[in-house]
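Colleague: What follows is a structure written as structure tokens; I'll ask about it next.
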Amino acid sequence: SLPHQFRMPARAGRMANRDVRLLRRGSTTATALLFAVTLLARVDAYFDQTSCSGELCVAPWAKQPVPLLRWADRPALCAARSQALGEFVLVPCNATDEGQIVASSGPNGWLKSGGRCLTTATPTVGNVSAANRSMFFDVCVDPAADGRQRFELPATGQGPIRAGSEEGFCLTVLANDLQDGGLLRLLPCEPGSLNQTFFVPSAADGSAFVGVNLGGWLILEDWMWPAKMLNKQISDEYSLIKANGGPGDPRAQKMMRDHWDTFLQPRHLDMIRRWGATHVRIPLGYWLFDAVYNEDDGFVAGGEQYLARALGWLKARGMHAVLDLHAMPGAQAVDQEFTGKQSAIANFFLDAGDNERGQLAVKALAELVLRYEKDPATAGVVVGIQLLNEPTFKFQADTFSFYEAMVREVRQSLPADRYLIMLGFMDSPHTESAEWLFGKRGGGPADLA
């Protein structure tokens, strides 16, 4: 569900209706065309602001509230103004450090910190091209009048920062000076150099972002861990733990904790960030929450501390997370490894006890998000949650009812102007779910996912 009014353009709607008629005649080509047209229509509607007003027009989960300049090779290190040296240095990113709030007045303008602007030092006569250039912070002037305070930022949000007054010179991290507090200099630009590649502040007026899924970590699936599972005919996490003695066995506990500890490391997030992703989706099982955990379900407890650690790593890199309730008690989908324990019956929708525990898991997830928000190490990282992953289409009406109840419940603590709620559907094509969502758009923030 979108954070603002959903409106499909009339032309796209006419095309979609035509392709539905073709689809009913069994055309495979029409199926693909319908999907493409529907997707394009929704993309167009997503960026259509004509029926939008207020804060929800700007998706809060896409904003960069503090415009830090991050080094692309190690996104946890940021450019900052040294109060002691009065120069530009590389230090661990800290959004509360005013010296790191380096805002630009435009793509060819100031880099400012603490009310003063980064300035290129005048080069020594006769040694213009060879020497590296030092920089310092000085009283801001018109960058058009004084090119020493004019810098060209990469249009894509990632790339070199070029000095406006010195053609061919770029902001550079010295290769032999990477420790905290290392000085930054202007050196001749080298295309593709990681030492000259930075993430620059993005505009805070968009709704789109790039994200990746961190599957196979806090929920195990056989195809994501073939050496331990698929190659040994072990299909799901429950079966893997059972094969190692069960959740109370030290062997199973050590196996799971070793996996949680090593599967995701800071270097992996650095790589993801360099690829251009700013958000990650983290699948979770209901057994992560103490309020729902029961050893009789067959899962090992203790994964939450590794989740909290990862959120701290994400914060250091200016990244965000959506926490996805991927597996529900009794299974919300049939014969699927991602439910934690494959089941021929979707008991989450059939057993009142399983459904009640699932609702408790949603509430526990919302409480966990609030706990992270109060912790300075993880505050601001979680931007949303997902209530169900791929619930079976057979229980579509029950899925709607679950969402109606849980969105209202969650919105009491996670407001729509701060947190995204993702809703998953498995109807194909998504006509029934789209109609249901369309009917919810007028209900106000409590109905906005």
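The values are calculated or read from the model by the stated rules, or taken from the named source; none is laboratory data. Just so it is clear, the model here is predicted, and its values are computed rather than measured. Heads up, the Cβs are rebuilt from the backbone with ideal geometry, glycines too, and the neighbour counts pull from every protein chain shown. In case anyone asks, the SASA skips ligands and DNA or RNA and just uses the protein heavy atoms, side chains included. Shrake-Rupley method; radii C 1.70, N 1.55, O 1.52, S 1.80 Å.
Colleague: Take the Cα coordinates of the stretch 209-252, assign each an equal point scatterer, and use the Debye formula without solvent to give log10 I(q)/I(0) at q = 0.24, 0.26, 0.29 Å⁻¹.
Modeller: Treating every Cα as an identical point scatterer, log10 I(q)/I(0) equals -0.81, -0.90, -1.01.
Colleague: On a full-extension model of 0.36 nm per residue, what is the gain between Gln83 and Ala434, subtracting their alpha-carbon distance, rounded to one decimal in nm?
Modeller: Values: separation 351, 0.36 × 351 = 126.36 nm, distance 5.44 nm.
Between Gln83 and Ala434, full extension yields 120.9 nm more.
Colleague: Still on this model: May I ask you to work out the translational diffusion coefficient for the stretch 358-417 at 4 °C, viscosity 1.567 mPa s, via Stokes-Einstein with Rh from the Kirkwood sum over Cα pairs, reported in whole µm²/s? Write down the numbers at each step before the final one.
Modeller: Working: Rh = 12.6 Å.
Translational diffusion coefficient: 103 µm²/s.
Colleague: Could you work out the equivalent-ellipsoid semi-axes for the stretch 304-449, taking the square root of 5 times each eigenvalue of the Cα gyration tensor, largest first, in whole Å?
Modeller: On the way: eigenvalues 137, 74, 36 Å².
Whole-Å semi-axes of the equivalent ellipsoid: 26, 19, 13.
Colleague: Could you put Leu360, Leu171 in order of accessible surface area, largest first, with the 1.4 Å probe and the full protein assembly present?
Modeller: On the way: Leu360 75, Leu171 0 Å².
Listed by decreasing accessible area, they come as Leu360, Leu171.
Colleague: Scan around Phe169 for amide H atoms under 5 Å from its own, H built in the peptide plane at 1.01 Å from N, and keep only partners 5 or more places away or cross-chain.
Modeller: Under 5 Å from the amide H of Phe169 lie the amide H atoms of Ala163, Cys189, each far enough along the sequence or on another chain.
Colleague: On average, how much accessible surface per residue is there in the stretch 332-449, in Å², for a 1.4 Å probe, leaving out ligands, DNA and RNA?
Modeller: For the stretch 332-449, the per-residue accessible area is 45 Å².
Colleague: Still on this model: Spin-label point model (7 Å from Cα, Cβ direction): what's the Ala308 to Lys242 distance in nm?
Modeller: Those two pseudo-labels are separated by 3.2 nm.
Colleague: By accessible area of protein heavy atoms, probe 1.4 Å, what ranking do Val173, Val91 get, highest first?
Modeller: Numbers: Val173 0, Val91 30 Å².
Descending order: Val91, Val173.
Colleague: Still on this model: Considering only Cα-Cα distances, which of the following residue pairs are longer than 25 Å: Lys232/Lys254; Lys232/Lys363; Lys242/Lys363; Lys112/Lys374; Lys254/Lys363; Lys315/Lys341? Present the calculation step by step, with values, prior to reporting the outcome.
Modeller: On the way: Lys232/Lys254 19 Å; Lys232/Lys363 36 Å; Lys242/Lys363 29 Å; Lys112/Lys374 30 Å; Lys254/Lys363 29 Å; Lys315/Lys341 32 Å.
Beyond 25 Å: Lys232/Lys363; Lys242/Lys363; Lys112/Lys374; Lys254/Lys363; Lys315/Lys341.
Colleague: At 1.4 Å probe size, put His268, His279 in order of accessible surface, largest to smallest.
Modeller: Values: His268 55, His279 10 Å².
Largest accessible area first, the residues go His268, His279.
Colleague: What FRET efficiency comes out for Asp138 versus Asn213 if R0 is 60 angstrom and r is the Cβ-Cβ distance? Round to the nearest 0.05.
Modeller: Values: r = 46 Å, r/R0 = 0.76.
Once rounded, the FRET efficiency stands at 0.85.
Colleague: Taking the dipole about the Cα centre of the stretch 250-404, with the C-beta of Lys and Arg at +1 and of Asp and Glu at -1, give me whichever of His320, Phe395, Ala331 is farthest to the positive side.
Modeller: His320
Colleague: For the stretch 165-315, what is the relative contact order in percent, using Cα pairs closer than 8 Å and at least 6 residues apart in sequence? The partial results should precede the final answer.
Modeller: Values: 152 pairs, mean separation 33.5, N = 151.
The normalised contact order for the stretch 165-315 reaches 22 percent.
Colleague: Something else: Extending each Cα 7 Å along its Cβ direction at Thr96 and Leu194, get the distance between those two points in nm, one decimal.
Modeller: A separation of 3.1 nm, rounded to one decimal place.
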